[in-house]
Amino acid sequence: MGKKDSAEKLLEAHNDVFADIVNALLFGGEQIVKEDSLTDAQPFSSFKAIGDTRLQERDVAKYWNEDCIRIGFCGIENQTAQDRDMTLRVISYDGAAYRAQLSEKPQNKNKSGETVRYPVVTLVLYFGTEHRWSAAKSLHERLSINDRLLPFVSDYKMNLFELAWLSDEQMSAFKSDFREVVEYLRSCRMHTRYEGSERELQHITEMLELFRAISGDESFKTIENEILNTKKEKGGIKMYDVFRAVKDEGIALGRNEGIALGRNEGIALGRNEERTSLLSLFAALYAAGRADDVRRATSDQAYLQKLLDEYKK
């Protein structure tokens, strides 16, 4: 399981976050699904493939209940990269959830005593920031279908949401910690600096792990104890506090790596202005979330010079 996948699941598994994602993306922010109406669903299902039984696993799945009656099944699938066959995967997940209803004990009944069959809805969340989703979004788009056969092939459209391209209105519909995630993804797409909001976080550890995974910046792990201790002292932590701590950590790390780089690679740090320029560069890069560029510069002198030239402009 990839680091990003597990980090995304940890946050989304919380009922308040899960309900918020569904309400924001499906119902425009209207509080239709309540967090206390959700219960965990089995993420695993099986299928036959070339004579073998194989398991498939959803990212996150919840039952939606009302008055002790199960009225829906909601699943979330996270995609960092595009998948041409995602529609087929969604069909497989949804089909397994419908098939499971036939095997369930006949206890999901309405007041009239009739067995209730409930809908299955899957949301595909695309975390990409460089390119929009251009792969198939429906079964018909993915298949090569003879025109004579087309009228008889049922289509199946997946509910795809490109998080980094949500509108202001869509983003404002989020009320949980996930609001920080979509705002950060949009800033990555637009190559703008994100400093975090003044909203108080509810799931600090999960947010630190997720931002560490999607940004590739280990500072989110390094500052964890500091952030948790601050929470004990202040009684609450905002995303702004997190990014300020990451920035401070980046400046300190940039200073240390800059000095080490000067020693190892023979870069002249003896003169104050050169030392200041290099350390300022690293601080600026970390503050902009470009930790990967700093790490590359510590082992690639030509790339370092390129960054210095850009910084001086």
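Annotations
- In order along region 81-96, the phi-based Karplus estimate (6.51 cos²θ - 1.76 cosθ + 1.60, θ = phi - 60°) of 3J(HN,Hα) comes to 10, 6, 9, 4, 9, 4, 4, 5, 5, 4, 4, 5, 4, 5, x, 5 Hz; Gly and Pro are listed as x.
- Checking every one of the trypsin sites (Lys or Arg not before Pro) in region 99-192 against DSSP loop status and a limit of 15 other Cβ atoms within 10 Å picks out 111, 117, 132, 148.
- Pairwise label distance in nanometres, residue 34 with residue 229, each label 7 Å out on the Cα-Cβ vector: 4.1
- Solvent exposure ordering (accessible area, 1.4 Å, most first) of 92, 144, 176: 144, 92, 176
- Along region 173-186 the Karplus relation, 6.51 cos²θ - 1.76 cosθ + 1.60 evaluated at θ = phi - 60°, assigns HN-Hα couplings of 6, 6, 10, 9, 4, 5, 4, 5, 5, 5, 5, 5, 4, 5 Hz to successive residues, with x for each Gly and Pro.
- For region 75-154, the set of GluC sites (Glu not before Pro) satisfying both a DSSP loop assignment and a count of at most 14 other C-beta atoms within 10 Å is given as 104, 114, 130.
- Whole-number D in µm²/s for region 92-230 (Stokes-Einstein; Kirkwood sum over Cα pairs; 4 °C, 1.567 mPa s): 68
- Using R0 = 25 Å, the C-beta based FRET efficiency linking residue 205 and residue 170 works out to 0.40.
- Accessible-area value, residue 131, 1.4 Å probe, nucleic acids and ligands omitted, Å²: 130
- Note that region 300-311 has calculated 3J(HN,Hα) couplings of 9, 5, 5, 5, 4, 5, 4, 5, 4, 4, 5, 5 Hz, one per residue in order, obtained from phi through the Karplus relation 6.51 cos²θ - 1.76 cosθ + 1.60 (θ = phi - 60°); glycine and proline are x.
- Flagged links, alpha-carbon separation over 28 Å, of 157/238; 34/111; 9/175; 4/175; 9/231: 157/238
- Sequence-distant residues sharing a close amide H with residue 69 (under 5 Å, placed H): none
- Computed over region 1-130, the range of Cα coordinates on each principal axis works out to 51, 44, 21 Å, biggest value leading.
- Per residue, the convex hull spanned by the Cα atoms of region 112-186 measures out at 170 cubic angstrom.
The values are calculated or read from the model by the stated rules, or taken from the named source; none is laboratory data. Fair warning: this is a prediction, and the values are worked out from it, not measured in the lab. Please note: Cβ atoms are built from the backbone with ideal geometry, for glycine as well, and neighbour counts cover all protein chains shown. Please note that ligands, DNA and RNA were not included when accessible areas were found on the heavy atoms of the full protein model with its side chains. Shrake-Rupley method; radii C 1.70, N 1.55, O 1.52, S 1.80 Å.
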